[in-house]
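Data block below; observations after.
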There are 2 protein chains.
Amino acid sequence: MTKIPYKIYLKESEMPKEWYNVRADMKKKPAPILNPGTLKPVTVEEISPIFCEELAKQELDDTTPYIEIPKEIRDFYRMYRPSPLVRAYELEKKLQTPAHIYYKFEGNNTSGSHKLNSAIAQAYYAKQQGLKGVTTETGAGQWGTALSMACAYFGLDCKVYMVKVSYEQKPFRREVMRTYGASVTPSPSMETEVGRKINEEFPGTNGSLGCAISEAVEAAVKNEGYRYVLGSVLSQVLLHQSVIGLETKAALDKYGIKADMIIGCAGGGSNLGGLISPFAGEMLRGENNYEIIAVEPASCPSLTRGSYAYDFCDTGKVCPLAKMYTLGSGFMPSPNHAGGLRYHGMSSVVSELYDQGLLTARSVEQTSVFEAATEFAKVEGILPAPESAHAIRVAVDEALKCKETGEEKNIVFGLTGTGYFDMVAYQKFNDGEMSDYIPSDEDIRKSLSKLPKVD
Amino acid sequence: MTKIPYKIYLKESEMPKEWYNVRADMKKKPAPILNPGTLKPVTVEEISPIFCEELAKQELDDTTPYIEIPKEIRDFYRMYRPSPLVRAYELEKKLQTPAHIYYKFEGNNTSGSHKLNSAIAQAYYAKQQGLKGVTTETGAGQWGTALSMACAYFGLDCKVYMVKVSYEQKPFRREVMRTYGASVTPSPSMETEVGRKINEEFPGTNGSLGCAISEAVEAAVKNEGYRYVLGSVLSQVLLHQSVIGLETKAALDKYGIKADMIIGCAGGGSNLGGLISPFAGEMLRGENNYEIIAVEPASCPSLTRGSYAYDFCDTGKVCPLAKMYTLGSGFMPSPNHAGGLRYHGMSSVVSELYDQGLLTARSVEQTSVFEAATEFAKVEGILPAPESAHAIRVAVDEALKCKETGEEKNIVFGLTGTGYFDMVAYQKFNDGEMSDYIPSDEDIRKSLSKLPKVD
C-alpha cells in the first residue's frame with residue numbers, strides 16, 4: 001500500500017475548475033429567501049441593488065450542479081491553494097488511537113482562514129460588473145481581512161463596518177485591513193441611518209454583527225457603484241466554499257481513502273457547508289454514506305437548540321428573510337472567544353440538510369475547546385483559531401472513542417484557520433480565567449418568541 | 001517547455017536528508033571562536049557546559065560537508081516542510097518586468113518564520129542528551145516562539161528571556177510561547193546576576209538582545225540539566241538552516257531553472273546563510289556562479305559599515321568571541337521595526353564569505369522597505385515580516401532594473417516570515433508616522449573603538 005504522506009497536496013492540474021452546488025442534488029430544496037417587505041420569494045431583480053448581479057443569480061440557482069470557476073479566480077486560488085490535506089500522524093500518536101485523522105488546513109494565507117475562497121469570488125464578480133467597490137461587516141475580522149485582500153487584488157474600494165468591540169480589541173486585524181487599503185469603520189457608526197438610530201437607542205453600545213450588516217447594506221444601497229457582500233450564511237458563499245470539499249475529496253481519492261466521518265465547526269455554515277458539499281452530494285445521490293457532524297459553541301447553539309423557521313438575517317431587518325435553524329435575530333450570545341461562531345442563525349442549505357438528517361450536530365463548551373486547541377498546537381505545530389478548535393474537540397473525542405472500540409475510522413475535519421489574532425483568548429485560557437457560558441432555556445425561548453410570522 | 005507552477009513543492013521523498021555544511025568547502029575557513037577568558041580557540045569540552053554536546057561538535061566542525069538530519073527531526077520537518085518555492089507571477093505582472101521572480105516562503109508555520117528549522121534540531125539534541133530543558137533569549141519573539149514549539153514537541157522545559165520592551169509591546173508573541181508551555185521572563189530580570197547588575201546600573205532599562213543572551217547563558221550554566229540555545233549567528237544554526245537552500249536548489253533543479261541572483265535579509269545571518277549555502281558551495285567548488293546579495297537595515301549596517309574583527313557576542317561578555325563584521329557589541333541600533341535585524345554582528349560564516357567576495361551587501365531604509373512590503377502583500381497575498389521585506393525591497397529594485405535592460409534574470413529571494421505580530425509597525429507606516437534612522441559615522445566609530453583587542 002502507498003504510504004500516505006503527512007500532507008497531501010494536489011497538483012495545480014488536479015485543482016477544481018468548477019464549484020459544486022449541492023442544492024442541485026437536493027430533492028427537497030432549501031426554502032427560498034423572502035423579500036422582507038412582501039414576504040414573497042425574492043427575484044434576482046429585487047436583490048440586485050444589494051448584491052452583484054452574478055452573485056444574485058448564484059444565490060437563487062438551486063438547479064445547476066457545477067458552475068465554472070472563472071480563470072481570474074483560479075489564478076488567485078493558485079497563490080494559496082491547493083491547501084494541504086494533512087494526516088495528523090502526531091496527534092494520532094499522542095492519542096494512541098487506531099483512527100486515522102486528517103484535516104484540511106485552510107489557514108495558510110494572510111486572512112488566516114477559508115474566508116478568502118469566497119472573498120475573491122465576490123470581488124471578482126463586482127469588478128466584472130464595473131462596480132467601484134463593495135461594503136461588508138466583520139466581527140472577529142477574518143472575513144474583513146479576506147475581503148480587503150481580494151479587493152486590493154482587483155483594485156476595488158472596500159468599506160468594512162467592524163463591530164465596535166472588535167475594532168477596539170483587535171487593532172491588529174484592523175491594521176491588516178488598512179494595509180490592504182480598506183477603510184474600516186467601527187459599528188454602529190454615525191455614517192448610516194441605522195447606525196445613528198442604534199447609537200441613539202443604545203448609547204455606548206459595543207455593536208453586534210447583525211447591526212454591522214444593516215449598516216453595510218445601507219451603505220451599499222445608498223452609494224452609487226457599490227454592492228454588499230457577505231462572508232457566510234448565503235448559498236453563494238457555500239457554493240464558493242465547495243472548493244474546500246472538492247479538494248478534500250480529490251486528495252482522499254488520490255490515495256484511495258474513504259472518509260468515515262467528516263467534522264466541521266459551524267457558525268453561519270460557510271466552512272462546514274463547503275467542506276461537506278461533495279460528500280453530502282454523494283449521500284443525496286445515494287452513492288455513498290458518511291457521518292457528518294456540525295460542531296457549534298454551547299453559547300450559541302442554533303442547530304442543537306434553535307428553531308427551524310424563517311427569520312431576519314440582520315438586526316436592522318433590511319436583508320431578505322431566510323428559513324434556517326435560528327436562535328432569533330435578537331439573540332445575544334453570551335461572551336465567548338470564537339467570534340466567528342456567534343451568529344444567531346445557520347445557512348439555509350446546512351439547515352435543510354440537517355433537517356433531512358444528513359448531518360448531526362453537537363455543541364461544545366469553550367474551555368474544553370481550548371484544551372483541545374492547545375493539545376493540537378503542541379503536537380501538530382499549528383495554533384488553531386478558536387472557531388476551528390471546535391472541530392478539533394470533536395475529532396479528538398471521536399478518535400478517543402475509536403481507541404475504546406478499536407475501530408480504524410478515517411476521521412476528516414476542517415481546520416479553518418489560525419489563531420494568531422486570538423491571543424487574548426488564549427491568554428485567558430493560559431491564565432485559567434476562561435469560563436463557559438450556556439444560555440438558559442428561558443433566554444432562548446424569549447428570543448424565539450420574537451420570530452417573524454411567515455406562513 | 002514545462003510550465004512553471006505558482007508554487008513548487010518537493011515531494012516528501014525529495015526532501016533533504018542531510019544538512020550541508022558550507023564551511024567544509026571553504027578553503028579559508030571562518031576564524032575560530034575564542035574562549036573569552038583565554039582568547040584561545042574554544043574546544044568542545046570548554047563550550048559543553050553552555051551548549052549541548054552534539055551542537056558543540058557541529059559548531060566547531062568545519063570539515064564534514066554533509067551531516068545527516070536525524071529521523072525525528074525529519075518527521076517534524078514534514079509537518080511544515082517542504083516550504084513552497086513560489087513563482088511571483090503576480091508581482092512580475094505588477095512590475096511589468098521580464099525578470100522571473102521566485103521566493104522561498106518560510107512563514108507557513110506557527111512560529112511565523114524559518115527559525116523553527118534550527119529550533120527543532122537544537123531541541124532534539126538536548127532531548128537526546130537527556131537534558132531537562134533549554135534557555136534562550138528572544139527579541140521580536142520569532143525565535144522564542146519557534147523554540148517553545150520545538151520544546152513542547154519533545155517535552156523539554158523552555159525558559160525564554162524576552163527583551164523587556166518586546167515583552168511589553170508584543171504580549172501576543174509572549175502568549176503564543178506560553179501556550180506552548182514556555183516560561184517567559186522580561187529581561188533584564190532580577191533572576192540572574194547579570195540581570196540584577198544591569199538593572200542596578202541602568203534602572204528602568206528596556207533591555208537589549210545582548211543582555212538577554214547573557215541572562216539566558218547564566219541560567220543555563222547555573223541550572224543542572226539545562227543548556228543554552230541560540231537562533232542565529234552560530235555556525236550550527238546556519239548548518240540547520242541549509243535546509244532552506246537545499247530545498248530551494250532542488251525545486252529549481254526540478255524545473256531546470258538556473259538562479260542568477262539570490263537575495264536574503266541579514267540580521268545575524270541565519271536565513272541568508274541557510275539560503276545561500278548550497279549555492280555558495282557551488283561557487284567555492286568552482287562549479288557555478290551566482291550574484292548573492294545580503295540586505296540589511298540602514299539602521300544596523302554591520303556588513304556595509306562595520307569592521308571585520310573579533311568581538312563579543314553578548315553585552316555581558318560571557319559568550320565566546322567571534323570574528324565577524326560588527327558594529328561593536330555596545331552598538332545601540334536606533335529604533336526600527338525589523339526586530340530580527342538589530343543584532344550588532346554577523347555570522348562568522350557569512351562574514352568570511354563576504355570578505356572573500358562571494359556576496360555583496362546592501363543597506364535599505366525602513367520606509368522604502370514597508371513600501372515594498374505593502375506592494376508585495378497586495379499582489380502576492382502574503383503580509384511579510386518587516387525583516388523579510390528587506391529582501392523584497394532589493395528583489396523589486398533588481399526586477400525594475402531588468403525592466404530597464406530587458407534582461408530575463410531569475411531572481412530568487414528568501415521570504416523568511418509573516419508580519420502578523422508586527423502590526424504596530426504597519427500601523428505606523430499606514431499612518432505616515434514611520435521615519436528612517438541612520439547612525440552617524442561618529443556613532444559607529446565610537447562603538448567600534450571599544451572592540452576587544454585580540455591578535
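The values are calculated or read from the model by the stated rules, or taken from the named source; none is laboratory data. Being a predicted model, the structure only gives us computed values, none of them experimental. As a convention, Cβ positions derive from the backbone with ideal geometry for all residues, glycine included, and neighbour counts pool all protein chains shown. All accessible areas refer to the heavy atoms of the entire protein, side chains included, with ligands and DNA or RNA removed. Shrake-Rupley method; radii C 1.70, N 1.55, O 1.52, S 1.80 Å.
Tabulated data
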{"item": "Rounded if a/c under 1.5, otherwise prolate or oblate - region A:408-447, Cα gyration tensor axes", "result": "oblate"}
{"item": "For B:Phe154, label point 7 Å along C-beta direction: distances to other copies, nm", "result": "4.9"}
{"item": "Amide H contacts of A:Val86 (H built 1.01 Å from N, under 5 Å, at least 5 apart or other chain)", "result": "A:Ile8, A:Tyr103, A:Lys104, A:Phe105"}
{"item": "Nm distances between copies for A:Asp62, ranked from closest, using label points 7 Å along Cα→Cβ", "result": "7.5"}
{"item": "Within-10-Å neighbourhood charge of A:Val379 [Cβ basis; K, R +1; D, E -1]", "result": "-1"}
{"item": "Average beta carbon contacts from partner chains per residue of A:70-82, 10 Å cutoff", "result": "3"}
{"item": "Local electrostatic count at A:Tyr343 - Lys and Arg +1, Asp and Glu -1, tallied over other residues with Cβ under 13 Å", "result": "-4"}
{"item": "In nm, spacing of pseudo-spin labels at A:Arg196 and A:Glu433 (7 Å Cα→C-beta vector)", "result": "3.9"}
{"item": "Estimated FRET transfer efficiency when R0 is 41 angstrom, pair B:Thr63-A:Tyr255 (beta carbons, to 0.05)", "result": "0.45"}
{"item": "Percent RCO, i.e. relative contact order, over region B:277-344, from Cα pairs under 8 Å lying at least 6 residues apart", "result": "27"}
{"item": "In order through region B:66-82: 3J(HN,Hα) via Karplus (6.51 cos²θ - 1.76 cosθ + 1.60), integer Hz, x for Gly, Pro", "result": "10, 10, 4, 8, x, 4, 4, 6, 5, 4, 5, 3, 5, 6, 9, 10, x"}
{"item": "Label-point separation in nm, B:Val424 to A:Thr405, each point 7 Å along Cα→Cβ", "result": "5.1"}
{"item": "Angle in degrees between helix B:386-405 and the longest Cα principal axis of chain B, rounded to the nearest 10", "result": "30"}
{"item": "Principal semi-axes in Å for region B:19-124 [√(5λ), Cα gyration tensor, largest first]", "result": "35, 19, 13"}
{"item": "Built amide H within the under 5 Å cut-off of A:Thr110, gap 5+", "result": "B:Leu383"}
{"item": "On Cα atoms only, tilt of A:235-254 relative to the major axis of chain A in degrees", "result": "10"}
{"item": "Zero-based 5 Å bins, Cα pair distances in region A:363-455, whole percents", "result": "3, 12, 18, 18, 14, 11, 11, 8, 4, 2, 0"}
{"item": "Note, ³J(HN,Hα) from phi for region B:346-354, Karplus 6.51, -1.76, 1.60, rounded to Hz, x at Gly and Pro", "result": "9, 2, 5, 5, 4, 4, 5, 4, 5"}
{"item": "Ranked by how many other beta carbons lie within 10 Å on average, peptides A:434-442, B:9-17 from highest", "result": "B:9-17, A:434-442"}
{"item": "Value of relative contact order over region B:85-129, rounded to a whole percent, pairs C-alpha under 8 Å and six or more apart", "result": "28"}
{"item": "Prolate/oblate/rounded call for region A:277-406, Cα gyration tensor, a/c under 1.5 rounded", "result": "oblate"}
{"item": "Placed amide H near A:Glu365: partners under 5 Å, 5+ positions off or other chain", "result": "A:Ala298"}
{"item": "For chain A, fraction of C-alpha pairs farther apart than 38 Å, in %", "result": "15"}
{"item": "Computed over region B:45-140: relative contact order in percent, which uses C-alpha pairs under 8 Å that are six or more apart", "result": "26"}
{"item": "Under the Karplus curve 6.51 cos²θ - 1.76 cosθ + 1.60, θ = phi - 60°, whole-Hz ³J(HN,Hα) for region B:130-136, x wherever Gly or Pro sits", "result": "x, 6, 7, x, 10, 10, 7"}
{"item": "Positive dipole terminus of region B:119-228, leading residue within B:Tyr180, B:Gly225, B:Val134 (C-beta point charges)", "result": "B:Tyr180"}
{"item": "Inter-label distance for B:Glu72 and A:Ser183, nm, one decimal - labels placed 7 Å from Cα along Cα-to-Cβ", "result": "5.7"}
{"item": "Teacher prompt: B:Glu433 distances to equivalent labels in other copies, 7 Å Cα→Cβ, nm", "result": "2.6"}
{"item": "Residue-averaged beta-carbon neighbours from other chains (10 angstrom radius) around B:372-382", "result": "4"}
{"item": "Using alpha-carbon coordinates, inclination of helix B:142-154 to the longest axis of chain B, degrees", "result": "80"}
{"item": "Per residue accessible area of region A:201-289, 1.4 Å probe, in Å²", "result": "28"}
{"item": "Interface size B-A, as summed buried accessible area [1.4 Å probe, Å², nearest 100]", "result": "4000"}
{"item": "Selection from A:Ala146, A:Gln122, A:Leu85, by position along the positive dipole direction of region A:66-158 (Cβ)", "result": "A:Leu85"}
{"item": "Gap separating the Cα centres of region A:1-75 and region B:1-59, nearest whole Å", "result": "51"}
{"item": "Where N is the number of residues in the protein assembly as shown, Cα Rg divided by 2.2 N^0.38 Å", "result": "0.94"}
{"item": "Test item: A:107-116 mean partner chain Cβ contacts at 10 Å", "result": "3"}
{"item": "Ordering of A:249-260, A:333-344 by burial proxy (mean other Cβ atoms within 10 Å per residue, highest first)", "result": "A:333-344, A:249-260"}
{"item": "Rounded if a/c under 1.5, otherwise prolate or oblate - region A:156-217, Cα gyration tensor axes", "result": "oblate"}
{"item": "Debye, to nearest 20: dipole size of region A:132-190, +1 on Lys, Arg Cβ, -1 on Asp, Glu Cβ", "result": "40"}
{"item": "Lone cysteines, chain B (no partner Cβ under 4.7 Å)", "result": "B:Cys52, B:Cys211, B:Cys265, B:Cys300, B:Cys402"}
